[in-house]
Amino acid sequence: MNGLPAEPALADALRTEQAHLTRLYARLDTVRDQARRAADDAHDTAAPGGTHQARLEREVRAREAARHASRLDAVERGLCFGRLDGRDGTTHYIGRIGLTDE
């Protein structure tokens, strides 16, 4: 035995990893859509009127949401580029941003 996993085990591991990546990219799409909607909503409410403070707060919200969407666009390639497997069986994936399930 050469220490390499058997071919069926390797194929299963690759399928599992691909499924994880597919879920990550689906979550990225969801979060990116939410960020774009937040930016659009902030711009929609940025109509003239209200106090100077209210206009400033809307503009800040719009800029922050647009910046967040831009950061999410930047990680399209390389969202996940590694993983750490702990001795206790835990797995931590390494990527360009922290992406959570919720």
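What about Ala13, is it of a type in the set (Gly, Ala, Ser), without any contact (Cβ under 8 Å) to a residue 24 or more places away in the chain and assigned to a helix (DSSP H, G or I)?
yes
How many residues does the range 46-58 hold that are surrounded by 13 or more Cβ atoms within 10 Å (Cβ to Cβ) and out of contact with any His (no Cβ under 9 Å at 6 or more places or on another chain)?
Of the residues in the range 46-58, 4 are surrounded by 13 or more Cβ atoms within 10 Å (Cβ to Cβ) and out of contact with any His (no Cβ under 9 Å at 6 or more places or on another chain).
Looking at this structure, is Ala35 touching a residue at least 24 places away in the same chain (Cβ under 8 Å), surrounded by 14 or more Cβ atoms within 10 Å (Cβ to Cβ) and either acidic (Asp, Glu) or touching a His at 6+ places or on another chain (Cβ under 7 Å) (or both)?
Taking the combined requirement at face value, the residue satisfies it.
Need the failing condition index for Leu21 against (1) touching a strand residue (DSSP E or B) at 6+ places or on another chain (Cβ under 8 Å); (2) surrounded by 15 or more Cβ atoms within 10 Å (Cβ to Cβ), just the number.
Only one criterion in (1) touching a strand residue (DSSP E or B) at 6+ places or on another chain (Cβ under 8 Å); (2) surrounded by 15 or more Cβ atoms within 10 Å (Cβ to Cβ) is unmet by Leu21, namely (2).
Scanning the range 76-102 for residues that are in contact (Cβ under 8 Å) with a residue 24 or more places away in the chain and in contact with a Gly (Cβ under 7 Å, 6 or more places away or on another chain), which turns out farthest from His43 (Cα to Cα)?
Cys80
Name the single residue that is modelled with the lowest pLDDT among those in the range 66-90 being touching a His at 6+ places or on another chain (Cβ under 9 Å) and farther than 19 Å from Thr22 by Cα.
Ala66
The values are calculated or read from the model by the stated rules, or taken from the named source; none is laboratory data. On a predicted model such as this, the values are computed, not experimentally measured, just so you know. A quick note on method: Cβ atoms are made from the backbone with ideal geometry, for glycine too, and the neighbour counts reach across all protein chains shown.
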